[in-house]
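J.: My questions will all concern the structure given below.
The values are calculated or read from the model by the stated rules, or taken from the named source; none is laboratory data. Fair warning: this is a prediction, and the values are worked out from it, not measured in the lab. Positions of Cβ are backbone-derived with ideal geometry, glycine not excepted, and every protein chain shown enters the neighbour counts.
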Amino acid sequence: MTQKSKSTSGQSSSNSFDLKQLRELLEMMEEHGVTEVNLRQGDQCWRSRRGPAEVAAPAIAPQAYPVAVAAPQPVAAPAPAPAAASPTADANQDDGLLEILSPTVGTFYGSPSPEDPLFVKVGSKVDGESVVCLIEAMKVFNEIQAECAGTIEKILVKDGEAVDFGQPLFKVRPA
């Protein structure tokens, strides 16, 4: 827990923080499962993070997505695309492709922030632990992993698009 103060705040006559407020903040974080809090009032800034420091989280620019990042949620096992599911012109090209499905309802993001490169693009090689996108649900960003090995053949959704639970996001040619 760090606390910085550049000058005297309007509520206090010193640069020290209120221990009672700190305890209340930590109790609220624990009660609601919040892992990170950044508070600023005037010149005073408090930042608190719970949990191990080595937890990997995507690098998200605060001005792009100003929220805490939760641990990745498991993705449903990709299933092969059914050969006779829908007779489309490119059905033969999709034979044998695996799908990476959305594990939740939310908003699809192909990169950690608008300024960063995409996690994957058509032709990218992935393995089971490769992060392929973020899905934001209720102000929480979830890293979605490929959970299969191969080459990205198709990206089925656009950046900022709403996705449903179980919706195909990518098609992957198995390695």
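J.: Only one of these is touching a strand residue (DSSP E or B) at 6+ places or on another chain (Cβ under 7 Å), surrounded by 15 or more Cβ atoms within 10 Å (Cβ to Cβ) and modelled with pLDDT under 95: Glu136, Glu129. Name it. Please lay out each step first, then the result.
T.: Numbers: Glu129 fails: surrounded by 15 or more Cβ atoms within 10 Å (Cβ to Cβ).
Criteria check complete, one pass: Glu136.
J.: Taking Glu143 as the residue in question, decide whether it is among the charged types (D, E, K, R), over 30 Å from Glu36 (Cα atoms), in contact (Cβ under 8 Å) with a residue 40 or more places away in the chain and outside the structural domain of Val34 (by TED's automatic domain parsing).
T.: Details: among the charged types (D, E, K, R): yes; over 30 Å from Glu36 (Cα atoms): no; in contact (Cβ under 8 Å) with a residue 40 or more places away in the chain: yes; outside the structural domain of Val34 (by TED's automatic domain parsing): yes.
Against the criterion (among the charged types (D, E, K, R), over 30 Å from Glu36 (Cα atoms), in contact (Cβ under 8 Å) with a residue 40 or more places away in the chain and outside the structural domain of Val34 (by TED's automatic domain parsing)), Glu143 does not qualify.
J.: Let me ask something additional. Across the stretch 139-154, which residue is farthest from Gly110 (Cα to Cα) among those that are among the hydrophobic types (A, V, I, L, M, F, W, C) and in contact with a Lys or Arg (Cβ under 9 Å, 6 or more places away or on another chain)? Give the steps one after another, and end with the answer.
T.: To start, the set of residues in the stretch 139-154 that are among the hydrophobic types (A, V, I, L, M, F, W, C) comprises 140-141, 144, 146, 148-149, 152.
Restricting the remaining residues to those that are in contact with a Lys or Arg (Cβ under 9 Å, 6 or more places away or on another chain) gives 149, 152.
Working: Ala149: 19, Ile152: 13 Å.
Checking each candidate, the answer is Ala149.
J.: Show the residue pairs meeting these rules: Cβ distance below 9 Å; 6+ apart or different chains; first residue within the stretch 16-36 and of a type in the set (D, E, K, R); second residue surrounded by 13 or more Cβ atoms within 10 Å (Cβ to Cβ) and at pLDDT 75 or above.
T.: Glu36/Met29
J.: Among the residues of the stretch 115-126, is there at least one that is over 18 Å from Val163 (Cβ atoms), surrounded by 20 or more Cβ atoms within 10 Å (Cβ to Cβ) and not basic (Lys, Arg)?
T.: Yes, some residue in the stretch 115-126 is over 18 Å from Val163 (Cβ atoms), surrounded by 20 or more Cβ atoms within 10 Å (Cβ to Cβ) and not basic (Lys, Arg).
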